[in-house]
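Right, one structure below, let's go through it.
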Amino acid sequence: MSTTRLDAETIAALEADRRDRHQRALEAARALLELHGVDADRLVDEVREFSVAAPSWALGTGGTRFGRFPGAGEPRTVEEKLDDVAALNGLTGANRTVSLHVPWDEHDDMPALREYAASLGLRFDAMNSNTFQDNPSTTGDGAISYKFGSLAAADDRVREAAVEHNLHVIELGRLLGSTALSIWIPDGANHPGQTSFRRQFDRAAESLRRIHDALPADWLMFTEHKPYEPAFYSTVVSDWGSSLLLAQAAGPQARCLVDFGHHLPNTNVEQVVSRLAMTGRLGGFHFNDTKYGDDDVTVGSIAPFRMFLVFLELLEVGDGAMPTLAYLIDQSNNLKDPIEDLAQATDAIQHTLALALCVDRASLAAAQEADDPALAAEVLHAAFRADVRPLVAEARRLNGAALDPVTAYRRSGYRAAVAGDRGSGHVATGL
């Protein structure tokens, strides 16, 4: 475990030369926004309050089908992943929870892990089960394989193993203080005629009902859709409608997750968010960005206006505030320092939330009811073009975090320090 800490005092010292400039920028931005009717204090408070979970699997270098190039100082243990999330949270003030992935984050002493996280100021978000690859906890003897499916497999023994794995993950999460299970079902087909669409879906629904019925009373279960990969002809949970059907079939504690990259090209993601919210089954959001498919690139790096529109829908759900959902950064990097990548993602989320809070919702509603698309566009772009960066930085400062997370991180020498402790060449993602 690393002794390197990025606490409020350390970060303040790292950024001492930026304080005066920040204060001048803040006063100017606040005056301009308030001139346009934006409640700057409320905006800062909302950004301060918001937190998004960090995924344990994003703390190491991601890979592709063609290779993986690990960086120095990647975490070797779950504790070291928590150290990195604590450093990230110190920089952003907005990553107060971590989401684990089992079996990648299997641990012998979950209560001790929970205590260690608490010592770092962290809690555990939704648990993630893995049935998209064979793993020692369920398929170690080679008699069971998820090659042809898991929770929707035709083989009764395989489905049983997949259900048991999810029940195991629930128990681990209970020990950690988590209150949610996230299930992505990779099952599908690569060839026409390979499987019955209907029977496969029915088997998935039955498996999810069994898992749902084993949930503690205060837990939620999330279903997650994705149109392709690893199957390329058909996927059981290919779209939000399939996810909704499965959640409804599973039971009242089931909800649907929306991932930015888990849609066919040009899908109206903000409308998907709206539809799921209308049914009462919107459970959470996975933030990333996409250019070609499920790229899992840095949040806000490709389509920032689309993310802005999604945040408008989320604020609509929460009547002007972010609703209580499971928010997670779900991205993978091959080239960046993982902590820098997650810090940039968190900053993009904070920034987009601030922009969405600038929208004059009453004027937008009036333009919509008056069938005035030009005026509606003016209202949206007046907010989207606002400079809220000083207010976002102020929200972080008030949380004891960094004005400029990436610069503060580089000044801290954190990566060099942990590289000295940990060495290099580790596989931190499980793939």
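A short reminder: the numbers here are calculations on the coordinates, not readings from a lab. The shown structure was predicted, so the numbers you read here are calculated from the model rather than taken from an experiment. FYI the Cβ positions are ideal-geometry reconstructions off the backbone, even for glycines, and counts take in every protein chain you see.
Observations
- Pairwise centroid distance, computed over Cα atoms, of the stretch 38-66 with the stretch 243-272, Å: 21
- Working from the Cα coordinates of the stretch 234-355, the gyration tensor eigenvalues give, after taking √(5λ), semi-axes of 24, 18, 13 Å in decreasing order.
- Beta bridges from DSSP with both residues in the stretch 141-296: antiparallel share about 15 percent, rounded to the nearest 5.
- Interchain or long-range residues, amide H under 5 Å from Arg123's placed H: Thr97, Val98
- Taking amide H positions as modeled 1.01 Å from N, with prolines and chain starts lacking one, the residues under 5 Å from Leu181 and 5 or more places away or on another chain are Met127, Leu220, Met221, Phe222.
- Residue-span extension gain [Arg411 to Arg199] - 0.36 nm each, minus C-alpha spacing: 70.7 nm
- Beta bridges by DSSP in the chain, antiparallel share as percent, to the nearest 5: 20
- Taken one residue at a time, the phi angles of the stretch 224-233 give Karplus couplings (6.51, -1.76, 1.60, θ = phi - 60°) of 10, 9, 6, x, 7, 6, x, 8, 10, 9 Hz. Gly and Pro are set to x.
- Estimated vicinal HN-Hα couplings, Hz - the stretch 313-328 in sequence order (Karplus 6.51, -1.76, 1.60; Gly, Pro = x): 5, 5, 5, 5, 4, x, 6, x, 10, 5, x, 7, 10, 8, 9, 9
- Helical mean residue ellipticity (222 nm; -39500 (n - 2.57) per DSSP H run of 4+; nearest 500) of the chain: -14500 deg cm²/dmol
- Principal axis dimensions, the stretch 246-293 - Cα atoms, whole angstrom, descending: 35, 16, 16
- Around the amide H of Tyr327, modelled in the peptide plane, lie the amide H atoms of Ala53, Phe285, all under 5 Å away and 5 or more residues distant in sequence or on another chain.
- Entry for the chain at q = 0.09 Å⁻¹: log10 I(q)/I(0) = -0.58, Debye formula applied to identical alpha-carbon scatterers, no solvent contribution.
- The distance between label points at Phe148 and Gln368 comes to 4.9 nm (points 7 Å beyond Cα on the Cα→Cβ vector).
- Couplings 3J(HN,Hα) for the stretch 352-368, derived from phi with the Karplus relation 6.51 cos²θ - 1.76 cosθ + 1.60 (θ = phi - 60°), are 5, 4, 4, 4, 5, 6, 7, 5, 6, 5, 5, 5, 5, 4, 5, 5, 5 Hz, where x marks Gly and Pro.
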